[in-house]
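Let me begin by presenting the structure, written as structure tokens, before commenting on it.
The values are calculated or read from the model by the stated rules, or taken from the named source; none is laboratory data. In this text, all values refer to a predicted model and were calculated from it rather than measured experimentally. So basically every Cβ, Gly included, is an ideal-geometry build from the backbone, and we count neighbours across all protein chains shown. Calculation scope for accessible area: heavy atoms of the full protein, side chains included, ligands and nucleic acids excluded. Shrake-Rupley method; radii C 1.70, N 1.55, O 1.52, S 1.80 Å.
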Amino acid sequence: MNDVPEDEPERLAAIRRYDVLDTPRDGAFDRITALAAKHFDVPIAIVSIVDRDRIWFKSHHGIDVEEIGRDPGLCASAILQDGPWVVEDAAVDPRTLANPLVAGELGLRFYAGAPLTTLDGHNLGTLCVIDQQPRQISDEETRTLSDMAAIVMDELELRLRSRQVIDRELELREQAESMARSLQASLLPPVLPAIEGAEVAALYRPASKSEVGGDFYDVFEVGNGCWALVIGDVSGKGADAAAVTALARHAVRTAFLTSTDPTEVLTTLNRAMFVGLEGTLPRHHCTVGVVLIHPEEEGFTATLAAAGHPPPLLARDGAVQECPEAGGPPVGWHGDATFGTAKLQLRPGDGLVLYTDGLSETRVDGRLLDTVGIAAALEGAQDESASQLVERLAATLKGEDVDVRDDAAALVMTVSGG
Amino acid sequence: MYEPLKVELDRQDGTIRLAVAGELDLATVPELEAQLPVPAPGETLVMDLRELAFIDSSGIRVLMRLDTDSRDQGWALVVVRPRANVQRVLDLVRLGERVRLVDEPSEV
């Protein structure tokens with residue numbers, strides 16, 4: 001007699017799919033074996049899974065064994081059947097005489113096993129009842145055993161389904177996160193450029209891994225040794241906000257091609273947020289901070305302009321102060337917007353910190369970080385590099401009691417040679 | 001630590017007063033939006049922010065949208081000035097250049 005089912009490769013694949021082998025003890029299956037032992041009045045009941053070269057017990061009532069060899073005669077033979085496999089006296093039955101459980105210490109005499117059959121027809125193992133006395137079993141009792149085996153199978157199916165649902169959800173989440181990551185990456189400069197006499201570094205912390213945030217920053221040369229630092233925050237999240245973010249970032253770059261006046265750049269950007277967008281994108285507002293950096297004999301002149309964006313912070317000689325406010329309304333709100341500028345001399349050792357309100361609106365211990373909290377994080381910094389200042393900011397966003405509800409971004413420039 | 005949002009609405013002869021107290025942020029904006037009235041053309045919506053303890057950018061967006069809607073739909077928006085810390089945020093976006101600000105609802 002052949003000991004291996006014809007569908008053996010598919011059957012083993014099915015066992016892997018149900019992922020049941022070597023899992024911990026489990027109340028649901030233990031209840032079924034206890035019930036089977038009681039119902040059939042036998043000392044031993046087992047839920048077995050017939051693996052490639054062993055028989056592993058998902059549940060074993062009345063016997064302290066986890067697994068046995070795949071010897072023919074009992075479970076290994078039961079899974080070759082379409083229905084229950086019954087051995088009424090194993091000691092005299094030629095099919096089972098040689099099985100170690102029969103010939104060995106256990107002295108098994110009676111065995112009845114019903115296969116655990118999957119929906120697609122593979123027998124994973126059995127629910128079996130065992131006695132050390134020979135016994136007889138009626139047709140009605142074998143039907144009950146099959147019903148109990150079906151309950152075991154229902155339980156396995158249920159677990160498989162829930163695992164599949166969870167796996168699918170994890171997969172979808174991973175897809176969404178990966179899409180958000182690539183989209184986000186396209187909205188931020190992959191590498192910040194090197195500015196002679198200065199260092200720039202940035203911090204970006206999206207509130208959600210699976211949604212694109214609306215914060216952006218950019219650093220680029222505008223000619224004559226001048227540079228633009230830009231930071232912005234588009235209202236909302238997701239694909240629509242990302243489209244507006246891309247528009248804003250590119251509109252600022254394009255506007256700087258024809259003008260190095262930050263107020264003109266913001267006016268152009270504001271116009272770009274309205275023109276031709278009717279009906280194509282939902283209305284989004286965007287706050288933007290622009291700093292034009294002009295190199296001097298020593299240090300830089302910074303021209304600040306903002307559209308509803310908080311003024312940058314200036315870290316100088318270990319102290320931190322807010323830069324003069326150069327205001328205007330957020331872009332994308334109304335067409336009458338006008339913008340002002342403020343000028344600032346940056347000296348060697350100075351650090352200029354542009355940030356979005358996601359950073360200042362971070363809650364630490366339930367309390368708003370606020371501008372004061374950002375300033376506190378930077379206080380005492382003397383002649384630190386831009387990346388060191390960014391590290392100080394990043395440290396405020398770490399810890400269990402930090403609640404970043406919105407995307408947070410910061411763009412830092414330090415003047416070398418302090 | 002968080003102050004819950006409280007919204008009170010009363011209507012009198014074409015003037016709708018909406019008193020907003022507590023904290024208006026990402027978490028509470030949906031609550032406010034759910035209670036926002038839709039004024040008819042010619043009516044006035046008075047956003048009374050005197051008891052507003054905090055506003056963040058998402059709260060500001062609500063005000064900007066109300067301004068846009070009021071102009072599109074032909075009703076008037078008036079804001080009763082909040083405390084200094086909240087007023088500072090309104091100033092940052094230049095709300096006063098666009099929306100009428102008053103100190104008391106009785107001025108409307």
**Prompt:** What pairs can you find where one residue is in segment A:155-171 and assigned by TED's automatic domain parsing to the domain that holds residue A:127, the other is part of a helix (DSSP H, G or I) and of a type in the set (A, V, I, L, M), and their Cβ atoms are less than 6 Å apart, with a gap of 6+ or different chains?
**Reply:** A:155/A:28
**Request:** From the list A:115, A:190, A:134, pick out the single residue that is in a loop (DSSP other than H, G, I, E, B), at pLDDT 95 or above and not β-branched (Val, Ile, Thr).
**Result:** A:134
**Message:** Take the conditions closer than 27 Å to residue A:53 by Cβ and at pLDDT 95 or above and apply them to residue A:106. Does it pass?
**Reply:** no
**Asked** Among all residue pairs at least 6 apart or on different chains, which show Cβ distances below 9 Å where the first residue, located in segment B:2-21, is within 18 Å of residue B:42 (Cα to Cα) and without any contact (Cβ under 8 Å) to a residue 60 or more places away in the chain and the second is open to solvent by less than 20 Å² (accessible area, probe 1.4 Å) and of a type in the set (D, E, K, R)?
**Response** B:18/B:48
**Complete:** How many residues of segment A:47-101 are closer than 25 Å to residue A:31 by Cβ and open to solvent by 50 Å² or more (accessible area, probe 1.4 Å)? The answer is 6
**Message:** Out of everything in segment B:65-74 that is facing chain A (nearest Cβ under 10 Å) and open to solvent by 10 Å² or more (accessible area, probe 1.4 Å), what residue ends up being nearest to the chain's Cα centre (by Cα)?
**Reply:** B:65
**Fill in**
Note on segment A:301-331: residues closer than 21 Å to residue A:226 by Cα, away from every other protein chain (no Cβ under 14 Å) and open to solvent by 10 Å² or more (accessible area, probe 1.4 Å) are A:301, A:303
**Message:** Would you confirm whether or not segment A:351-364 contains a residue that is open to solvent by 20 Å² or more (accessible area, probe 1.4 Å) and of a type in the set (Lys, Arg)?
**Reply:** no
**Request:** Report, ordered by the first and then the second residue, all pairs with beta carbons closer than 7 Å, sequence separation of six or more or different chains, a first member in segment A:23-50 that is over 18 Å from residue A:118 (Cβ atoms), and a second member that is assigned to a helix (DSSP H, G or I) and open to solvent by less than 10 Å² (accessible area, probe 1.4 Å).
**Result:** A:43/A:37; A:44/A:37; A:45/A:33; A:45/A:36; A:45/A:37; A:46/A:33
**Search result, residues across segment B:34-43 that are over 14 Å from residue B:5 (Cα atoms) and either within 14 Å of chain A (Cβ to nearest Cβ) or surrounded by fewer than 18 Cβ atoms within 10 Å (Cβ to Cβ) (or both)** = B:37, B:38, B:40, B:41, B:42
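The rows are residues; the columns are (1) under 47 Å from the mean Cα position of the chain (by Cα); (2) in a loop (DSSP other than H, G, I, E, B).
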site	(1), (2)
A:22	yes, yes
A:39	no, no
A:45	yes, no
A:58	yes, no
A:80	yes, yes
A:125	yes, no
A:129	yes, no
**Request:** Taking the options B:99, B:108, name whichever one is more than 10 Å from chain A (Cβ to nearest Cβ) and open to solvent by 50 Å² or more (accessible area, probe 1.4 Å).
**Result:** B:108
**Prompt:** If you check residue A:268 against the conditions, is it assigned to a helix (DSSP H, G or I), among the hydroxyl-bearing types (Ser, Thr, Tyr), more than 14 Å from chain B (Cβ to nearest Cβ) and closer than 27 Å to residue A:182 by Cα?
**Reply:** no
**Asked** Taking residue A:245 and the conditions (1) open to solvent by less than 30 Å² (accessible area, probe 1.4 Å); (2) within 13 Å of chain B (Cβ to nearest Cβ), which numbered condition does it fall short on, given that it satisfies the others?
**Response** (2)
**Asked** Within the set of pairs 6 or more residues apart or between chains, which connect a residue that is more than 20 Å from residue A:30 (Cα to Cα) inside segment A:129-143 to a residue that is modelled with pLDDT under 95 and open to solvent by less than 30 Å² (accessible area, probe 1.4 Å) with Cβ atoms less than 7 Å apart?
**Response** A:132/A:107; A:132/A:108
**Message:** Among the listed residues B:20, B:62, B:46, B:86, identify the single one that is open to solvent by less than 10 Å² (accessible area, probe 1.4 Å), within 30 Å of residue A:213 (Cβ to Cβ), more than 14 Å from chain A (Cβ to nearest Cβ) and outside any loop (DSSP other than H, G, I, E, B).
**Reply:** B:20
**Prompt:** Given the structure, is residue A:386 open to solvent by 20 Å² or more (accessible area, probe 1.4 Å), of a type in the set (A, V, I, L, M, F, W, C) and away from chain B (no Cβ under 14 Å)?
**Reply:** no
**Fill in**
Residues of segment A:199-215 being over 22 Å from the mean Cα position of the chain (by Cα) and of a type outside the set (Val, Ile, Thr), in sequence order, are A:199, A:201, A:202
**Asked** Any idea which of A:196, A:177 is under 24 Å from the mean Cα position of the chain (by Cα) and either among the acidic types (Asp, Glu) or in a loop (DSSP other than H, G, I, E, B) (or both)?
**Response** A:177
